[in-house]
Structure formats: C-alpha cells, structure tokens
Amino acid sequence: MAEFRIEGISAVGKPVQGVIEAENPRAAKAKAHQMATQRKFRIIRVLPRATFLYKVQRGAEKPVLGEQKAFTKEEVQDALSKMGFRVLSVKKKMMEFKLKPPTAEIVTFVRVSADLIRQKLPFNEILQLMVNDITNKTLRDAIREINNELKQGKDSEKVFIKQEGVLGRFTAHMLGLASKSGNMAEIYDSTAKFLERRAEFKRNLKSAAYTTSGLFFRAWRRCSYA
C-alpha cells in the first residue's frame, strides 16, 4: 500500500499531521476525512509519498543525479542542502511504473538472506548487502524501504506486509512472521523452497497446456482434411 500524509489544523488553530497507508488516493482521502471527523480537525491537504528526481553539486565537483521518495519537493531540497549539496533541480517523477520482479529474483533474495542469517550477520547489514547486489530496481527499492523503516523502529511484520505488491502476499507475510520468530533462517529457507516448487509447478502446467493445445490442433487438422 502507498503512504499518504495528512495535513490539517485543529479547532484551536494548531497544525495537525499524520501518515496513513491506503490503496489509492481516493481511499486515502476517505480515511483522512474519517480521522478528521473523529479528531475534530480540518483537512488542508492529503499528500502521496512520491519519487522526486534531483540534480545536486558539491563545490566544483561533477553534478550528481539521483532520486528520493518524499511527500514534497521542499523536503528533498532541505535534506540535500543539509548534506552540504547545492541543489540544482528537484522535480517530481511523473510516470512511475512498478513491474513485479521475476520470481527467480525474489527466491534469490530470500535464499541468500537465509544463508547470511545463519552466519549470524546483523539483519540490517544483510538488507543493505542485498540492496547493493540486486539488479531489479523494483525489488531493490522495496528492500531499501524495508531496511529504512526497520531502522526507524516500525513493526517488522507490518513493514514486510506493506511490500506484498512486490514480494507477493505469501512471501511478505512469511518474512514478516520470520522477523518476529526465533528461527528466521528456517522460515526464510522454507519460503524459498515453496516459491521454487510453485514456480516449477507453473512451468510444468504451462508446458502441459502447450502440449495439449498442439495435439488438439493436429487432430483438428486431420479431421478437417479427412
């Protein structure tokens, strides 16, 4: 689910702000109005968390291009300025397509994570290693977001479930449960095995469908020319 920030003002004139999760902007506005009614404040705006493209420069160095998720352009500018950069431009990314990663990429992430967990590597370091190594942008961004939110102390199960659109519902729920259990490596390993078996089943089913279709077509041609 996507994140949205509610900005409003209370009955006594104090600013009100909060972050919610919703399937889409319409659902976010509905949640915001429900909260406003319950907590007696007036909504000013509901902002989606979006991706911003930026161009910055430090001293006489070559300009650097990058992207950052935020609720407003000003947040990105302020953050980059505090890091010592001269902000040349910041603009919202207009078209953002997120294709689900291939199953093989997800299996690799889960399988390698299980191996590193067994080696007693801290989980935040494991996630950072995966961010650096994974080539699929959608999966890489999802893991980076998981790592950042876990560092903020957010509930681990909710953090993973939030990424079910990328990881798949089963995988997201299993990894969320694993993070609260005492046997993370075993759950990760079992999840990887399940994903591999499911992928193999789908391949076999597809192959069988093609074979059946081919036999039917050849039989139909024989009947047509008989």
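Every number here is computed from the coordinates shown, using simple stated rules; none is lab data. Bear in mind the structure is a predicted one, so any value in this text is a computation, not a measurement. All Cβ positions, even for glycine, are placed from backbone atoms using ideal geometry, and neighbour counts span all protein chains on display.
Numbers at a glance
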| read-out | value |
| --- | --- |
| Pairs, first closer than 16 Å to residue 160 by Cβ in the stretch 184-203, second hydroxyl-bearing (Ser, Thr, Tyr) and part of a helix (DSSP H, G or I), C-beta under 8 Å, six or more apart | 188/113; 191/171; 195/103; 195/171 |
| Check on residue 111, touching a residue at least 60 places away in the same chain (Cβ under 8 Å), over 30 Å from residue 17 (Cα atoms) and surrounded by fewer than 14 Cβ atoms within 10 Å (Cβ to Cβ) | no |
| In the stretch 5-30, the residues that are out of contact with any Phe, Trp or Tyr (no Cβ under 8 Å at 6 or more places or on another chain) and under 20 Å from residue 69 (Cβ atoms) | 6, 7, 17, 18, 23, 24, 27 |
| Tally of residues being touching a Gly at 6+ places or on another chain (Cβ under 9 Å), over 15 Å from residue 142 (Cβ atoms) and surrounded by fewer than 19 Cβ atoms within 10 Å (Cβ to Cβ) across the stretch 156-204 | 1 |
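Let's see how each residue does on (1) over 20 Å from residue 199 (Cβ atoms); (2) assigned to a loop (DSSP other than H, G, I, E, B); (3) touching a strand residue (DSSP E or B) at 6+ places or on another chain (Cβ under 9 Å):
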{"position": "106", "(1), (2), (3)": "no, no, no"}
{"position": "115", "(1), (2), (3)": "no, no, no"}
{"position": "127", "(1), (2), (3)": "yes, no, no"}
{"position": "147", "(1), (2), (3)": "yes, no, no"}
{"position": "153", "(1), (2), (3)": "yes, yes, no"}
{"position": "174", "(1), (2), (3)": "no, no, no"}
{"position": "177", "(1), (2), (3)": "yes, no, no"}
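Listed here are the residues, each with its yes/no results for (1) touching a Leu at 6+ places or on another chain (Cβ under 6 Å); (2) closer than 24 Å to residue 141 by Cα.
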residue: 5; (1), (2): yes, yes
residue: 41; (1), (2): no, no
residue: 48; (1), (2): no, yes
residue: 54; (1), (2): no, yes
residue: 66; (1), (2): no, yes
